[in-house]
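The values are calculated or read from the model by the stated rules, or taken from the named source; none is laboratory data. The structure displayed is predicted, hence computed values, not measured ones. Virtual Cβ from ideal backbone geometry, glycine too; neighbours counted across all protein chains shown. Side chains are part of the model used for accessible areas, which takes the heavy atoms of the whole protein and leaves out ligands, DNA and RNA. Shrake-Rupley method; radii C 1.70, N 1.55, O 1.52, S 1.80 Å.
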Amino acid sequence: MRSRMKQVRRILKLVAEICPSALWTLAFQSVLEALQPFVSIWFYSRILNSIQAGLFEQAWRQALIMILTITVLALAAKSAKNRWDATSQYLDDLLEVETLYKAYTMEYQELEKEETLQSIRRMKNAAISNGGINDFTQNAFLVLQYFLTMLISVFFAGGIILQMAASGAGRMSAILLGIMLAAYALAFWVSSRMNRKKGRLDVESRHRNEYANSASNYLFGSILDYRNGKDIRLSRMQKMLESEFNRFNDIFCPNYIRWGRKSGEYSALEIFVFVLAGGTAYLYVGQKALAGLLPAGSVLLYVNALGQLTDAVSRLVQKSSEVSYQSEYIRLYEEFIHRPNVHQLGTIPTEKRQDRKYVFTFEDVSFHYPDTAQDVLSHISLTIDASTQMAIVGRNGAGKSTLVKLLCRLYEPTGGRILLNGIDIAKYDYRDYVDLFSVVFQDFSLFAQPLDENIAGGGEPEDARARQCLEEMGLGERFAREPRGIRSFLYRDIEEGIQVSGGEAQKIAIARALYKDAPFVILDEPTSALDPLSEAEIYDNFHRLVQNRSSIFISHRMSSCKFCREILVLDHGRIVQRGTHEQLLKEAGIYRQLWEAQARYYQKTDGNSAGHPLNSAAE
């Protein structure tokens with residue numbers, strides 16, 4: 001409990017830092033909400049006593065004062081609530097932005113870890129089920145409100161006890177008072193235990209549902225995504241998807257039923273003990289009223305005060321438990337946000353060389369993924385000189401993309417080091433360093449945003465430059481025909497946009513790499529979605545597109561290698577061959593095997609026997 005209360009204080013401090021006025025607004029609202037019912041019942045009791053005494057004019061004045069007071073309090077409380085409502089969504093949005101910022105600024109190697117992905121899934125599920133920081137903060141102040149209500153109720157209830165003590169109340173009164181106090185103590189104890197059990201039940205139920213909720217949400221989004229519509233229909237995947245969705249329903253529906261049954265049992269017992277406590281309170285007040293020791297107005301006041309006490313104690317215990325267990329979302333948020341950077345971000349700025357002479361050196365570099373012993377790359381030693389045009393080829397899983405990710409500092413070597421102009425790349429300022437690269441990965445991303453913003457990336461789009469890059473990729477006329485031109489939205493996720501083919505998307509991604517104009521261009525499977533003619537066109541123009549820049553191709557299409565000055569062949573994470581296209585064809589190695597395998601494939605499919613893939617298009 002002490003740990004959770006410290007966490008609650010940290011969260012309220014966080015809210016105060018984000019929006020200082022929010023806590024004062026909620027505190028003001030809590031005080032007003034706690035006072036309002038007692039102002040009403042206090043005036044009602046005074047008015048009733050005045051009427052009973054025949055003081056009708058006094059009763060009228062009290063009624064007018066009551067109406068004015070209640071109106072002012074209600075308006076003030078409503079104003080505070082509206083102010084909080086306007087602030088609360090901002091708090092949630094701000095935490096969401098912080099989470100997103102952490103996700104795209106943390107090391108990619110860390111983001112890829114299952115531990116990190118599980119943390120993100122748990123945080124999202126906890127936010128959905130718990131309501132986020134705004135609900136947590138509001139509930140924390142509801143605890144304050146119910147605590148104040150309890151104190152005011154005790155103040156009024158204490159009045160009758162003191163009044164009875166002063167009047168020399170008899171033995172029966174003392175017995176009833178003892179029963180009432182014992183009943184409230186029992187109710188408070190039982191309520192505390194039941195709410196702790198309900199809190200644990202909520203957490204356990206949520207944890208059991210994490211996987212099923214994440215999977216069903218993914219399936220739901222995938223089914224509704226129009227881009228999946230063709231495959232779902234033509235591959236007749238409806239029954240499979242429905243079956244999977246129902247399978248996850250079968251996991252969490254029984255869990256919810258169990259949660260509802262157990263939660264209902266705990267709530268029923270809690271309600272019973274509070275009804276019992278309230279009943280003893282009414283017996284006590286009723287006995288005083290029958291003995292003529294209380295006027296009618298005072299009976300009304302004390303009965304309502306005791307009713308408020310019963311309700312406040314029940315809600316106080318309930319909300320305290322909710323806040324305690326609800327803080328798990330904030331704990332997950334804090335753990336994620338405060339994850340330390342495990343790798344160096346560097347401080348040395350990179351040279352802004354006009355000649356773009358950057359030399360990268362791999363010194364005995366090895367890499368394996370966390371929690372695995374098998375090296376993906378093993379003892380790689382390699383120099384990549386300025387203005388090089390290199391192809392990296394090899395079978396699937398040879399380590400081609402991993403080598404590029406190490407070069408781009410998406411991963412860090414588990415052995416050896418990589419140098420840039422003689423300095424370990426880990427010592428360079430990270431943002432400076434990545435600006436050296438224009439990269440198109442095989443699994444590149446385009447977003448449902450305007451075309452020019454997709455091309456410009458993080459910078460302000462320059463229309464002429466964006467159009468030039470599209471022209472170089474053969475897409476100038478395609479988008480010139482669109483009513484909004486390069487301001488056209490891609491896809492239809494946000495608003496009515498244009499649908500692009502896989503080949504067009506790949507050309508846009510390459511145009512983005514050209515737009516960045518970095519000294520080093522890396523294309524990972526750059527033409528996998530292009531037809532042979534478009535592929536040949538890109539290769540023919542490649543020297544012009546990346547003039548005065550170093551470039552690396554990763555490709556399964558061996559025809560791309562002819563256009564590179566040097567070819568690197570990887571196998572099982574090691575460099576097994578290196579040379580030009582002509583040199584490697586003369587060697588009895590993997591490169592010639594891959595080349596001849598593709599040549600035979602094209603001979604069989606299109607009758608082309610020229611001896612290499614895409615011969616008719618490429619040459």
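Structure values in brief
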item	result
Residue match in region 198-221 (condition: basic (Lys, Arg), surrounded by fewer than 15 Cβ atoms within 10 Å (Cβ to Cβ) and under 25 Å from Arg315 (Cα atoms))	yes
Any hit, region 72-87, residues being closer than 30 Å to Val299 by Cβ and not small (Gly, Ala, Ser)	yes
Every pair of residues 6+ apart whose Cβ atoms lie under 6 Å, when the first sits in region 463-491 and is polar (S, T, N, Q) while the second is surrounded by 15 or more Cβ atoms within 10 Å (Cβ to Cβ) and in a helix (DSSP H, G or I)	Ser488/Leu451
The listed residue being without any contact (Cβ under 8 Å) to a residue 12 or more places away in the chain and touching a Pro at 6+ places or on another chain (Cβ under 7 Å), out of Glu460, Glu453	Glu453
Near pairs, Cβ below 6 angstrom, 6+ apart or cross-chain, from region 33-59 (farther than 17 Å from Thr149 by Cβ) to any residue that is open to solvent by 70 Å² or more (accessible area, probe 1.4 Å)	Ala59/Ile51
Some residue of region 458-469 being open to solvent by 30 Å² or more (accessible area, probe 1.4 Å), under 30 Å from His556 (Cβ atoms) and acidic (Asp, Glu)	no
Check on Leu26, open to solvent by 70 Å² or more (accessible area, probe 1.4 Å), hydrophobic (A, V, I, L, M, F, W, C) and at pLDDT 80 or above	no
Residue in region 344-375 that is farthest from Asp424 (Cα to Cα), counting only those that are in a loop (DSSP other than H, G, I, E, B) and open to solvent by less than 30 Å² (accessible area, probe 1.4 Å)	Tyr358
Output for region 216-264, where each listed residue is within 27 Å of the chain's Cα centre (by Cα), among the β-branched types (Val, Ile, Thr) and farther than 20 Å from Glu204 by Cα	Ile223
Residue under evaluation Ala182, criteria (1) within 30 Å of Thr280 (Cβ to Cβ); (2) open to solvent by less than 30 Å² (accessible area, probe 1.4 Å), criterion not met	(2)
Leading residue by the ranking (modelled with the lowest pLDDT) among those in region 328-382 that are closer than 30 Å to Tyr101 by Cβ and among the β-branched types (Val, Ile, Thr)	Val342
Test: residue in region 45-53 that is open to solvent by 30 Å² or more (accessible area, probe 1.4 Å) and not in a helix (DSSP H, G or I)	yes
Lone unmet requirement of (1) open to solvent by less than 40 Å² (accessible area, probe 1.4 Å); (2) under 19 Å from Phe367 (Cα atoms); (3) assigned to a strand (DSSP E or B) for Tyr411	(3)
Answer residue from region 547-578, given it is in a strand (DSSP E or B) and open to solvent by 10 Å² or more (accessible area, probe 1.4 Å) and is nearest to Ser378 (Cα to Cα) among those	Arg574
In region 470-505, residue most open to solvent (accessible area, probe 1.4 Å) [restricted to those that are basic (Lys, Arg) and part of a helix (DSSP H, G or I)]	Arg487
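Residue-by-condition table, conditions (1) more than 27 Å from Ile498 (Cα to Cα); (2) touching a residue at least 12 places away in the same chain (Cβ under 8 Å); (3) part of a helix (DSSP H, G or I):
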site	(1), (2), (3)
Ser214	yes, yes, yes
Tyr218	no, no, yes
Lys230	no, no, yes
Arg236	no, no, no
Lys239	yes, no, yes
Glu244	yes, yes, yes
Phe248	yes, yes, yes
